[in-house]
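Here the structure is laid out as structure tokens; the discussion comes afterwards.
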Amino acid sequence: MNTVWKLILVALSAALVALSGCGGGGGSDVVGGIGGTGKIASGTITGFGSIFVNGVEYNTDSASIEVDDSSGAESDLRLGMVVTVTGTVNDSTGNASSVVYDNEVEGPVSGLAALPVGATTRSFTVLGTDVVVDATGTIFDNVTFDTLVNNDVVEISGFFDALGVLQATYIEKTGDFDPGTTEVQLKGTVTGATGAGGTASFGESFVVNGITVNIGDLNSTDLSDVPGGVVTDGMFVEVKGLW
């Protein structure tokens, strides 16, 4: 594939692990300060009128909202999206200072079998990530449980289970696969870096979720978010590009 990549280093802090859905489950809290100040909560959006996450209603009037690494608004958020909320909480209400949404993977659907009669779940792969959608537990946007097909380009939010399968809470069809022009995004731990000592920089490559990422030159790969411009085995990275 002729792929143009942008690499973003995702530090393995507690907050970003929660944001990335690593560790599975339905959500997590990382609490700092006294009385819940500086609270960080990761979970699915279950309601609006402010936003509801993990049973807490967060007022977002003064919150900064980030959607897929860009500035956004509450109107850009959807039910089922996994978000990270930072703010203060008092019992079942809170005030958000920031709300961050970033999908787990975006790319073309592959390996999707024909829909069996009476099926309530469907399994497929997106850029090496195994995904399961549920007829009643997943929120569908611009596609349905029945109409999803191979080569649909989808954006998925959810949580990884103990087997590393992404249990989708939200899926949006963003287009149809067009080789060389389709925008994709994946996250994962770097393995197989081809440079010295398990590193990779310009002209070298590495693997994320079974997908080989070839690092081209300064014109084809942006390493500005990676310290020193060097990717190393064990790094957790976010990779964006054209597939």
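None of the figures in this text is laboratory data; all of them are computed from the coordinates on show. Fair warning: this is a prediction, and the values are worked out from it, not measured in the lab. With ideal geometry, Cβ positions are generated from the backbone for all residues, glycine too; neighbour counts draw on all protein chains shown.
Each label point was placed 7 Å from the Cα along the Cα-to-Cβ direction; for Asp176 and Ala196 their separation is 5.0 nm.
Once the chain from Ala114 to Ser97 is taken as fully extended at 0.36 nm per residue, the excess over their C-alpha distance is 1.7 nm. So what is log10(I(q)/I(0)) for the range 159-213 at q = 0.14, 0.19, 0.24 1/Å, when the Debye sum runs over its Cα atoms only? Log-scaled intensity ratios, in q order: -0.59, -0.89, -1.02. Under the criterion of Cα pairs below 8 Å and six or more residues apart, the relative contact order for the range 67-134 equals 22 percent.
Over the range 128-231, calculate the relative contact order: mean separation of alpha carbon pairs under 8 Å at least 6 apart, over the residue count, as a percent. Could the numbers behind the result be given before it?
Working: 153 pairs, mean separation 21.3, N = 104.
It rounds to 20 percent for the range 128-231.
With only the Cα atoms considered, the range 75-150 has a convex hull volume of 123 Å³ per residue. Model label sites at Thr144 and Asp76, defined 7 Å from Cα along the beta-carbon direction, differ in position by 3.0 nm. Convex hull volume of the Cα atoms of the range 63-114, normalised per residue: 123 Å³.
Per-residue extension of 0.36 nm, minus the Cα-Cα distance of Ser62 and Asp225, leaves a gain of 55.9 nm for this segment. Let me test this: with uniform point scatterers at the alpha carbons of the range 36-166, what is the Debye-based log₁₀ I(q)/I(0) at q = 0.12, 0.17, 0.21 1/Å? At q = 0.12, 0.17, 0.21 Å⁻¹ the computed log10 ratios are -0.52, -0.91, -1.18. Computed from label points 7 Å out along Cα-Cβ, the spacing between Thr121 and Glu183 is 3.2 nm.
A compact globular protein would have a Cα radius of gyration near 2.2 N^0.38 Å; the ratio found for the range 109-243 is 1.18.
Per the Kirkwood formula applied to alpha carbons, the range 132-195 shows a radius of gyration over Rh ratio, Rg over Rh, of 1.04.
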